[in-house]
Structures are given as C-alpha cells and as structure tokens.
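Here's the structure, in structure tokens; my notes come after.
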Amino acid sequence: MSTLLELEGLTTSFPIEGKLVPIVDEVSLKIDEGKCLALVGESGCGKSMTALSILRLVPRPGVITSGEIRIDGRNILPYSVPQMRAVRGDDVSMIFQEPMTSLNPVTRVGDQVLEALRLHEKVSKKAAQQRGVALFKRVGIPDPEARFRSYPHQMSGGLKQRVMIAMALITKPRLLLADEPTTALDVTIQAQIIELLRELQRDFKTAILLITHDLGVVNQLADEISVMYAGRVVETGPRQKLLGSPSHPYTKGLLAALPSRALPGQPLFEIQGTVPSPKDWPEGCRFRGRCAEAREVCAASIPRLQDNPPGLTRTACFAREESP
Amino acid sequence: MSEVLLEVEDLCTWFPIKKGLLRKTVGHVRAVDGVSFRLEKGKTLALVGESGCGKTTVGRSILRLVEPRSGRVNYCGKDLLSLDERGLRPLRQEIQMIFQDPMTSLNPRMRVIDLVAEGIDNFGLATSPSEREDKVASVLKRVKMSPDQMGRFPHEFSGGQRQRIGIARALAVEPSLLICDEAVSALDVSIQAQILNLLGQLQDELGLSYLFITHDLSVVRYLADEVAVMYLGQIVEHAPVERLFTSPAHPYTQGLLEAVPSADPNTEAVRVAVLGDVPSPANPPSGCRFHTRCPQVFDRCPVEQPPVVVLPLGSARCHLLSDDGEGS
C-alpha cells in the first residue's frame, strides 16, 4: 500500500493581536491509497484549517509558515497557481459541511457538477452530461435526469449533500477531503451518507480524510484516527486501538464524556474548563490546564508524539512517557 | 403515584400557506397534528425526531409563542389555551424555555446581570437593586458561574458559558418546568457533558421538570425518564426510556436507533433501515405518515391511519401492532 498524502510538520498561522499564531501547529499525518483517516477534535482545534491547507486554500490573512505537504512524495507547497489547479480536482477534492451554503443557488445543480469536469477534462457537453447523470445515479439521487436540472432550493439537505459528493467525485480524485459531511443532516439521512461514502471508498478506491467532531461517525468510516487539540495532533492510531484503549488524557476524556457511555443516574465524565482560544494557548502542553494528570514538565516543554507499547496508539503526553 | 404537572391533549398547530396577490390561504402545514402526552412533576420527558417533525412547535405551542389551532394544554389543572394574555402571565413565570443557540438567544448589548435579571424585573421579584443583584449572584452560582462576571457581555464568554447564562436566565424566576429546545446540540462533547450534568443536578436540587426537545438520541437515553418519538407532526411511539431503547416497537423508532453511529469500536456498523427523505408536512402521505419510508409497509398502511396502540409499556401508532393488524 503506497502513501498518497503525507503532511510533515505542517504549520498554518494567523496574525492575532500583532503576532503570528500557529492555528495548525506542526501537524504530521499520512494517508495510504484507498484508506480513511479521521481528523477528530472540538471546534477551533484546527482540523478544518488543516484540510484547507492541503488544498492551499487557507483564507487570508492566514499563511502556511512551514512544513511539507506531499502528494505521491512530491511537495506541493512550491507549486504555481496552474499546477495547484491541477491538483485540486484531479488529485484532491473537498466536500463541505453545509450543502445549503456551498452550492450556488442560482445555477442548476447539474451545471455546477459539470463545471469541474469541463475544467479538468476535454469532454463534449453530451458526454459530460451522461457522466454527470450516471454519477447522480451512483450517489443515490432518485430520478437523476430530472434532478440534474433542479436548483439547490428544490432539494432536501440529504440530496444536496449527495450533489456535493457527486461534484467532488466527477473528476475521479484519489483523495476526498470530507469536512463534517454529515453534521448538518438528520440521523437517518446521516446513515445513508455514511453508507454511500463507504461504498464509494470501496468501489473507486478513493482515500478519505474525514474531518469531524462526531466519534460515532468516525467509528463507522475510519481506518486510522488522529485527535487534534488546540492546533496539535495529541494522539494517533488505528481506529480499534484509539477508540478502544485510548491513552491521551484528552482522548480518554472525550470518549468518557459521551452520553452513550454513561450509566443512567451517574453523572457524565467532565473535562474541566473550556478550550482556550488561540491567543490564550498555554506554553508547553496546551491541554495541561484541563488535565488531571498535569505535572511540572507539561508547562516546561512541548510533548511530542511517542510510540506507546506495541499495538497501541502514538501519544503526545508526558504522563504516558513516565508511566505507560 | 406522582403528580401530573403538564398534560397535553390532542394538540394541533397548523401554519397557513398563503399564495397569490390576496394572500389567500391555500393549505396548511400541519406542524403539530394531534399530539398528546403527560409530564410528571420532577421528571424528564424527551421529545425526539428529525428536523421538521414538529417537536419545536410543540414546545412553542405550550408557551403559546405560536397559537395552536385546537387541543388542550393543562398545567396544574389550568388550561393554558383558554387563558387570555393576562391570565397567562403568571404561568409564563412557571414555565421557562432554554434555546439551542446561546449566541443568538442572548442580546449582545446587554450585560449578564441585566440578561439574567430581565425576568426578575418583569415579574417584580426584587424590591431593591441590591436584592436584584443578590438574586442574580445566587442564580449564577447555581449554574456554576462566578458572580464577578455579571458585568460582562455575552461575547466575552464561550459557548458553554453562554448556555449557562441562558439557564440562569430561565432559573431566575424560579420556574417548575423548563422546556429545553436542543439545549446542548450546539455544544462540543466536553462542554455538553458539563451542561447535562448541570441540568441533572438542578433537577435534583430544585425538583424541576424538563420537556427536553432534541434530535440526539444518546442524550435522550442518558437523561430522559420517558420518550415521545415524533414523525411529521404526530407522536409515533411513547415509552419509558429503557423500553424504548431496548425494544423499540415502531419501525421508525427502530430505524432511528439503528442509524445512530456508536463510538464503541466493537459494535456493528450503522444500518440504513429508513430510506429516502422526510416528506413535506404540507402534504403528508395518506394513511400512516411513515409508510413511504417504512421497511415493513403493507397494503393497509397507505389507506388507513393507524390507531394509537397501547402496549404493556407505552404506546405506538402502527398497524403492525394493532390486534386486527396483519403483522406478518
């Protein structure tokens, strides 16, 4: 299995009150061809910004300040605008959380789907249309010919998300960045979209970077999981291990705080405090202010991802280094 | 035998669809169509369902923030729907609401003290400025916020803190019933746990009753005593929480539960049991409203409205469960 995407020490910074703050701070991860990596974390942890960095679509005034983004081993950071345009679509596509706001309301959905295709490939209008309709059918849109001519407001949230997925897949990308693809959807529709993503991954061998805060959705799709907190990856590992025997205090806390893991009548586990905003990020380990296992060393230096005993996850935590 | 605090009977809230130059009413969206339930004192009833099922409208109809078309809402023996604005006023103190998005439900230009004291002022619960401040301070302590923060504005707080302010606002007038409309849905997991624990604690300390409106089934299982599942304006199943989660009777409830993804790596993958989309409530399907998406649909479903079938625990609205049904 070859590596498709590899981030090494990726840092994306935004100026806050006069100084550059790394919103994504030395993030390293890799996705093998056809696999699904989930990037998990609470709001503001930098997971969406990581995805936008991969496409080099970081909104101003943010900048990628260091690190490498390698696709098939080639660093894409020095790429020119036309080169990047080829990467977007051909290699990497993205689907967004809000299908309601990411589709153009005044253009028929079919035309929006074909726009990407006709930019990337020389195909006749008729052939493009046929491919579009076939893909609509594949992603489970009923009555695809008629739906191809619909406007976004004529469709339900679930259908719009299917259109978004079709739009991302029409250029046959090898990597799909899916940013909270089911968060805005009802649970029965969410189950349908999860099923669809799973099928597409199997049939087209598309690799997926799944960005979400929902550990339930992650458990349905991911092969590997990386947990982010305040801009850094704090734990990473195979799905079974990370959800089954997590070792970072933050990951443990997140799982223990889930209502589905609580016993009725018992209070839920609480992670104390709130996520600090970037300008208040503490020195050393950024989780230490909320961590029950914090010690002196956590304030003094930054914990790095370390291998735990074989078969477990990799964790960035001093408490684990001392007492595994 | 505990006391019934709130009893809703056959509640209907329809919204007119207006068309044309003269805004003639051409139809109705039957947002709530014949909903009945009762809530006992000190208990939590969860109203669950997908978007557009009418669960929020039920909450708003009880407070008459929207006018129901028909039905009865009995609160401690008084019918809220027959009262005029004046008669309703004291009851609005008894029943308070917490909203989903604390960002948009708090006036950004008011300080915490004024936000929390708005109800106190409204109902004349404080006789002097110092009493007012004491009351705000004590209610802030109840929601585990520091009274020192009462001079600040909402934007200075995180989402979880703002939701605490929303809860403090509701508690300030000493209500007995809280209607929580998606009160924890917008919060991150770690913050959600804090707010859920707080709500549980307040219930124990103050004997509050909750009508908890949500789409999140894992939250429901954790905190509710009884659950009513809504689909297109009607309650399709109503049961004590354990029975609903361990042996759901209605095919919709079954599908809903199967669709919830679990974070336990040893569980099975979610199953797609309910296909397609929710139909429009302006034009609900004939017969059983769920028949267009039901995996167990049979010839009777599109023709005949299923009756409410009383089960050993709770009830459900499905032909498969009725005695003369063709439950094969």
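Listed values, structure above:
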{"read-out": "Tally, over segment A:7-25, of residues that are farther than 12 Å from A:P61 by Cβ and surrounded by 14 or more Cβ atoms within 10 Å (Cβ to Cβ)", "value": "7"}
{"read-out": "Tally of residues being surrounded by 14 or more Cβ atoms within 10 Å (Cβ to Cβ), basic (K, R) and either touching a residue at least 60 places away in the same chain (Cβ under 8 Å) or not in a loop (DSSP other than H, G, I, E, B) (or both) across segment A:277-324", "value": "4"}
{"read-out": "Residues that are touching a Gly at 6+ places or on another chain (Cβ under 6 Å) and not β-branched (V, I, T), drawn from segment B:251-280", "value": "B:P261, B:S262, B:A263, B:P265, B:A273, B:D277"}
{"read-out": "Cβ-Cβ under 9 Å pairs, at least 6 apart or on other chains, segment A:148-159 side within 16 Å of A:A184 (Cβ to Cβ), far side assigned to a helix (DSSP H, G or I) and among the charged types (D, E, K, R)", "value": "A:P152/A:K160; A:M155/A:R147; A:M155/A:R162; A:L159/A:R147"}
{"read-out": "Test: residue in segment B:202-217 that is modelled with pLDDT of 95 or more and more than 30 Å from B:I165 (Cβ to Cβ)", "value": "no"}
{"read-out": "Segment A:147-159: number of residues that are of a type outside the set (S, T, Y) and more than 11 Å from chain B (Cβ to nearest Cβ)", "value": "6"}
{"read-out": "Sole residue being in the same structural domain as A:M155 (by TED's automatic domain parsing), touching a helix residue (DSSP H, G or I) at 6+ places or on another chain (Cβ under 9 Å), crowded, with 17+ Cβ neighbours inside 10 Å and farther than 29 Å from A:Y79 by Cα, chosen from A:V92, A:V109, A:V113", "value": "A:V109"}
{"read-out": "Flag if B:Q100 is surrounded by 18 or more Cβ atoms within 10 Å (Cβ to Cβ), in contact with a Pro (Cβ under 7 Å, 6 or more places away or on another chain) and not in a helix (DSSP H, G or I)", "value": "no"}
{"read-out": "A:G44, sole failed condition from (1) surrounded by fewer than 16 Cβ atoms within 10 Å (Cβ to Cβ); (2) in contact (Cβ under 8 Å) with a residue 40 or more places away in the chain; (3) out of contact with any Leu (no Cβ under 7 Å at 6 or more places or on another chain)", "value": "(1)"}
{"read-out": "Matching residues in segment B:103-114 - criterion: being in a loop (DSSP other than H, G, I, E, B), surrounded by fewer than 20 Cβ atoms within 10 Å (Cβ to Cβ) and in contact with a Gly (Cβ under 9 Å, 6 or more places away or on another chain)", "value": "B:R111"}
{"read-out": "Yes/no for A:Q83 being under 28 Å from A:V233 (Cβ atoms) and surrounded by fewer than 18 Cβ atoms within 10 Å (Cβ to Cβ)", "value": "yes"}
{"read-out": "1 or more residues within 10 Å of chain A (Cβ to nearest Cβ) and charged (D, E, K, R): qualifying strands (runs of 3 or more DSSP E) within segment B:182-290", "value": "none"}
{"read-out": "Subset tally (residues that are aliphatic (A, V, I, L, M) and over 19 Å from B:V4 (Cα atoms)) for segment B:69-87", "value": "1"}
{"read-out": "Residue list for segment A:251-276, restricted to those being over 16 Å from B:P261 (Cβ atoms), outside any loop (DSSP other than H, G, I, E, B) and at the interface with chain B (Cβ under 7 Å from one of its Cβ atoms)", "value": "A:G253"}
{"read-out": "Selection from segment A:175-212 of residues that are within 13 Å of chain B (Cβ to nearest Cβ), among the hydrophobic types (A, V, I, L, M, F, W, C) and not in a helix (DSSP H, G or I)", "value": "A:A184, A:L185, A:L210"}
{"read-out": "Residues of segment A:26-41 that turn out to be outside any strand (DSSP E or B) and either free of Cβ contacts under 8 Å to residues at least 24 places away in the same chain or more than 22 Å from A:P276 (Cα to Cα) (or both), as a count", "value": "3"}
{"read-out": "Residue tally, condition at the interface with chain B (Cβ under 10 Å from one of its Cβ atoms) and either touching a helix residue (DSSP H, G or I) at 6+ places or on another chain (Cβ under 9 Å) or of a type in the set (A, V, I, L, M, F, W, C) (or both), over segment A:230-250", "value": "4"}
{"read-out": "Residue in segment A:72-87 that is touching a residue at least 12 places away in the same chain (Cβ under 8 Å), in contact with a helix residue (DSSP H, G or I) (Cβ under 7 Å, 6 or more places away or on another chain), over 20 Å from A:L197 (Cβ atoms) and in a strand (DSSP E or B) present", "value": "no"}
{"read-out": "Filter result for A:Q220 (within 12 Å of chain B (Cβ to nearest Cβ), under 24 Å from B:A263 (Cβ atoms), not in a loop (DSSP other than H, G, I, E, B) and not acidic (D, E))", "value": "yes"}
{"read-out": "Residue within segment A:240-250 that is over 30 Å from B:L217 (Cβ atoms), of a type outside the set (S, T, N, Q) and either at pLDDT below 90 or in contact with a Cys (Cβ under 6 Å, 6 or more places away or on another chain) (or both) present", "value": "no"}
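Listed here are the residues, each with its yes/no results for (1) at pLDDT below 95; (2) outside any strand (DSSP E or B).
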site	(1), (2)
B:V8	no, no
B:C12	no, no
B:I17	yes, no
B:L21	yes, yes
B:V26	yes, no
B:D33	yes, no
B:F37	no, no
B:S51	yes, yes
B:R64	yes, yes
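The values are calculated or read from the model by the stated rules, or taken from the named source; none is laboratory data. Note that the structure is a prediction, hence the values are computed from the model and not measured. A quick note on method: Cβ atoms are made from the backbone with ideal geometry, for glycine too, and the neighbour counts reach across all protein chains shown.
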